1. Mean residue ellipticity at 222 nm from the helices of the chain, using -39,500 (n - 2.57) per DSSP H segment of n ≥ 4 over the full residue count, to the nearest 500 deg cm²/dmol?
2. With θ set to phi - 60°, apply the Karplus curve 6.51 cos²θ - 1.76 cosθ + 1.60 along segment 218-230 and write out the HN-Hα couplings as whole Hz, x wherever there is a Gly or Pro.
3. When the accessible area of segment 235-296 is computed with all protein chains present and a 1.4 Å probe, what percentage of it is carbon and sulfur?
4. Which shape class, rounded, prolate or oblate, goes with segment 299-357 when its Cα gyration tensor gives a ≥ b ≥ c as root eigenvalues, a/c under 1.5 marks rounded, and past that a/b bigger than b/c marks prolate?
5. Taking the Cα centre of the chain as the origin, how large is its charge dipole in debye, to the nearest 20, when only Lys and Arg (+1) and Asp and Glu (-1) carry charge on their Cβ atoms?
6. Rounding to the nearest 20 debye, state how big the charge dipole of segment 56-171 is about its Cα centre with +1 on each Lys and Arg Cβ and -1 on each Asp and Glu Cβ.
7. Per residue of segment 476-485, in order, report the coupling 6.51 cos²θ - 1.76 cosθ + 1.60 (Karplus, θ = phi - 60°) as ³J(HN,Hα) in whole Hz, putting x for Gly and Pro.
8. Compute the distance from the alpha-carbon center of segment 188-208 to that of segment 532-557, in whole Å.
Amino acid sequence: MKALRLFTQASAAALVLPFTLSALPSLAADPQPGPDSRPQPGVPKGEVLKFSFNQSRHFPGTVRNYWIYIPAQYSPDKPACLYVNQDGVQWSAPVVFDNLIHKKEMPVTIGVFVMHGRAQAADGATALDRFNRSLEYDGLGDRYARFVTEELLPDVEKRTASDGRRIRISKDPNDRAIGGSSSGAVAAWTAAWERPDQFRRVFSAIGTYVGLRGADRYPTLLRKYEPKPIRVFLQDGINDQNIYAGDWWEANQMMERALTFAGYEVAHAWGEGGHNGQHGTAIFPDAMRWLWKDWPKPVAFGKSRNGYLSQILLPGLGWEQVGTETEAWGLTAKADGVVSYQQGKGSGRRFEIGHDGQPVLIPFSRSAARSVSPLLRRVTAHDGRSFTLVPRKGSVGMEVVITDRSGKRLGSEQLSYSPGGITLSPDQTLLYIADERSHWVYSYQIAPDGSLRHGQQYYWLHAPDTSDHAGAGGITVDRDGRLYVASALGVQVCDQPGRVNCILPVPGPGSPELPVSEVCFGGKEFDTLYAIQGGTIYRRKLAIKGRQTFHAPNKPPVPGL
């Protein structure tokens, strides 16, 4: 996208458009706010009201203050747009909003400026409060976003202006922006990243995208996901912090490059300031103009430059829900590509999903019902050999039992971990087993006699911030050798050398409590990926073809190293 160019004269000296480091100009270290940050004659003035909130379920025991800015032009007849800011009132935001709303350079917007929580000590004279700022702001995951959307904003909408106007906020995510400074910027970005159904415009000043609680992972994660409908403005300076957790200046540039790579609409203002709010305050009016430009036109996003996403995905085709099932499990595919599943683990009811996507109940069979359970723990090769995960006899743990077509036992392999999904490579010379309690998928070579050898932790998976493991479940492969792993973050797609190339979240909210549990290829051409999350089935047509173990083995292409 084109660089941001429309800035007030006062803030232009503080702005650096995209540049190479070798061409970095000399900039003022103390940019001053322009007229949009000062009260102007004839501009209606909104009001700012202060409240306290101490009823959080997501951060129990905390108390925090927050402020509501209500523009003079606001009428409860029409829900207002929203801007949420962490760390309370910053950037002279109420004055900026007065001026920009008056000039119609941003919509009528209610501002919510919230402090981080603190759990108050019983005796403040002898003990410190517990300060929740880093916990709430610096980490990944959706807990803070849920606090804002499920607890704080409902409390805001219980309030009224001093003249009795009821506060009503638009539920349209296109009408919602969120911002902050330092760790507050990470909280703002994380809220939009986790919940683009709630926030689609982000202001990030001197963002703490470093290794305090995992935000240094964002430049990598951004490159592996499809772009989300989020517009982002970044600000930082070359004299920002460089401490034990990382280099803020370098981290913000990495974020900008990752966002651009991933297809986001992003603008940035680089200066030579330090870890303070001077530059952010100076450019805040222009950042708001850019974030709200073209409103109410929806926030747009482009195409990721991740070649693996281009190889796998078909433009314009996303996930679709299959039926209304909420207790599905046991995805399997037949030779014709029809996928079946079990309804509930005790019902014995089994359904087939036709190529039209409609589930159809198939006749009940006790033997068929009994055969479902091992399918998630057993894989059978084209030559009839089976690899089954079973509990060790007389011992704790699991083992892989290898049998031939007749059921004769060929050998076994004891496992030192908690196995989940199991599958074979396309050439059926490797056995893959996911570890449910780590971020690894193991790879074993299959010897000519059917025994396993050279097992090792091979595929490295991403884990959510709220868990010590990736939540790996079912696994499957495509004919080109990629491994698809059901996990807490979605479907993680790995190349043959064992690296996650991209992550495909399904429409439901992924989390350690509600991970994607199973994956399976089906469809007439085996080009449709099925996934179960929270008992609900989704499917997505892809540009590649999956490989089932009943297919004849094929040798995949040599991977890029």
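The values are calculated or read from the model by the stated rules, or taken from the named source; none is laboratory data. Treat the numbers as computed from the prediction; the structure is a model and nothing was measured. Cβ: placed from backbone, ideal geometry, glycine included. Neighbour counts: every protein chain shown. Please note that ligands, DNA and RNA were not included when accessible areas were found on the heavy atoms of the full protein model with its side chains. Shrake-Rupley method; radii C 1.70, N 1.55, O 1.52, S 1.80 Å.
1. Taken over the chain, the calculation gives -4500 deg cm²/dmol.
2. Values, residue by residue: 4, x, 7, 4, 4, 6, 9, 9, 4, x, 9, x, 10 Hz.
3. Here carbon and sulfur together make up 49 percent of the probe-accessible area.
4. Prolate, because a/c is 1.5 or more and a/b exceeds b/c.
5. 1260
6. With Lys and Arg at +1 and Asp and Glu at -1, about 320 debye.
7. Values per residue, Gly and Pro as x: 8, 10, 9, 5, 8, x, 6, 9, 10, 10 Hz.
8. Rounded to whole Å, the Cα centres lie 33 Å apart.
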